[in-house]
Amino acid sequence: MTESLVSVGAVNFDVEKIRADFPILHQQVNGQPLVYLDNAATTQKPNVVIDAISDYYRTDNSNVHRGAHALADRATVKFEAAREKVAAFLNAASAKQIIWTRGTTESINLVAASWGKANLQQGDRILVSAMEHHSNIVPWQLVAQATGATVEPIPVDSNGSINISAFENMLDAKVKMVSVGHVSNALGTINPVEKIIGLAHAVGARVLIDGAQAVSHWNVDVQKLDCDFYVFSAHKLFGPTGLGVLYGKLDLLNAMPPYQGGGEMIETVAFSGTTYNQLPYKFEAGTPDIAGVIGFGAAIDYLNAMDRVAASAHEQALLEYAEEKARSTSGLKLVGAATHKASVMSFLLEGAHPADVGVLLDKQGVAVRTGNHCAQPIMDQFGIPGTVRASFSFYNTFDEVDRLFAAIEKAKTFLL
Ligand code: PMP
């Protein structure tokens, strides 16, 4: 273990104290202490989140917004308080701009279906980067098929960075939507989204930022970014699965038609015609994931109580330490070498299939992800079937990075 790096990366950051908050980390897997390096797939949950969910079911369980009794009031107050917390977390001007969805995927589908069908027509262009997650490609393809618009990839260079001059050359008045990830889940690239938003707005296009891999690493300010939509999943931000957020500009959300019909999203229903509820409820048909929302509120409180700048510095130091080790590991090739990266180290072992590497690491208690990371187009561009991906969170340690590389060395003895 490299003490000097620990002190560089973790000034004022007590990683052992943080780890004590995450019960799942303290277990053995295949006879070894678990090293969880699959944080880009989902992050682990602190006790406060687990407790908030179980307390809700033990004491407050009720439907929200409709009951005329104490439990319904308590559930509604906690549910709406979580919305306020998310609005403040993103520096959104109003909690009305925070729509609960099932996740990043549903948030993008909502915008593509609702905004897209109302605003796109034959010949319009939608630009997404070539390194997007499938959930930021396929919903646009669906709406393109329905409207006659096209979906075009913004070129990505061999180091994994968006080619900004190629992007500038693509822009014209036909471009109506630019949808890009803040951070690539496959390569870790931090995209220059402020620049992209400014350039897109200059030709009148709207911009959606997929923040699934960004919000867990630093504080995002949607007003400063000036994005039109910002989306992410609670489960990658220390909250529960099955819950996501769509932030949108108020005028756009107000003008958009409903996404799904049902209870909660209406004002009045008659066979002669139905009127819709106000924001945010217009987009929240049916009983929501109340326990999940309340648990997510606890995750936001947890993050707000943390020194996030120190946490981010610690994660960055872990990534740099790992990549330095990777560069001196024979047979290991890093995939994705953008100048600005967050918490993702994608790699290949020469002569070995990523899936086999993953199995051998798991046998040693090290959890990573292997495959195309739902980003098949960029893997195709690089001519590879996928990668092995180690992704870090603030509760990871330098010892765990050492364990990863010891496990890689052992895997090599079986594979190469
Ligand atoms: N976008 C990115 C960048 C992601 O990393 C992910 C999850 N891997 C998604 C979208 C989809 O998120 P979810 O499955 O939670 O909807």
Subtracting the Cα-Cα distance of SER94 and GLN223 from 0.36 nm times their residue separation yields 45.4 nm
ALA270/HIS69 FRET efficiency (R0 41 Å; Cβ-Cβ; nearest 0.05): 0.90
Per residue of region 112-125, in order, report the coupling 6.51 cos²θ - 1.76 cosθ + 1.60 (Karplus, θ = phi - 60°) as ³J(HN,Hα) in whole Hz, putting x for Gly and Pro. 4, 6, 7, 5, x, 5, 7, 10, 9, 9, 2, x, 5, 10
Please go through region 64-161 and write out the trypsin sites (Lys or Arg not before Pro) that DSSP classes as loop and that have at most 11 other C-beta atoms within 10 Å. ARG66
A correct Karplus calculation of ³J(HN,Hα) over region 312-320, with 6.51 cos²θ - 1.76 cosθ + 1.60, θ = phi - 60°, whole Hz and x for Gly and Pro, returns 5, 5, 5, 4, 5, 5, 4, 5, 5
Taking H placed 1.01 Å from N in the peptide plane, check which residues at least 5 places from ARG206 or on another chain put their amide H under 5 Å from its amide H. MET177, VAL178
Surrounding charge for PRO257, neighbours by C-beta under 12 angstrom, Lys/Arg +1, Asp/Glu -1, total +2
Tell me the Kirkwood radius of region 50-304: reciprocal of the mean inverse pair distance over distinct alpha-carbon atoms, in Å. 18.8 Å
Taking only protein heavy atoms into account and a 1.4 Å probe, give the accessible area per residue of region 50-304 in Å². 39 Å²
Note the angle between two axes, namely the Cα long axis of helix 290-304 and the longest principal axis of the Cα atoms of the chain, as a number of degrees from 0 to 90, rounded to the nearest 10. 60 degrees
Gyration tensor on Cα atoms of region 54-151, a ≥ b ≥ c root eigenvalues, a/c under 1.5 rounded, else prolate if a/b beats b/c, else oblate, says prolate
Long pairs among LYS195/LYS236; LYS174/LYS282; LYS176/LYS341; LYS195/LYS325; LYS85/LYS282; LYS117/LYS176, criterion Cα-Cα beyond 22 Å: LYS195/LYS236; LYS174/LYS282; LYS176/LYS341; LYS195/LYS325
Based on the alpha-carbon gyration tensor of region 179-257 and its eigenvalue square roots a ≥ b ≥ c, which shape applies: rounded if a/c is under 1.5, prolate if not and a/b is larger than b/c, or oblate? oblate
Here the gain from full extension of ASN159 to ARG308, 0.36 nm per residue of separation minus their alpha-carbon distance, amounts to 50.8 nm
Contour minus Cα-Cα span, GLN376 to ALA355, at 0.36 nm per residue, comes to 6.0 nm
For the chain, what does -39500 (n - 2.57) per DSSP helix run (n ≥ 4), summed and divided by total residues, give at 222 nm, in deg cm²/dmol to the nearest 500? -11000 deg cm²/dmol
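The values are calculated or read from the model by the stated rules, or taken from the named source; none is laboratory data. Being a predicted model, the structure only gives us computed values, none of them experimental. As a convention, Cβ positions derive from the backbone with ideal geometry for all residues, glycine included, and neighbour counts pool all protein chains shown. Heads up: the accessible areas ignore ligands, DNA and RNA and are worked out on the full protein's heavy atoms, side chains in. Shrake-Rupley method; radii C 1.70, N 1.55, O 1.52, S 1.80 Å.
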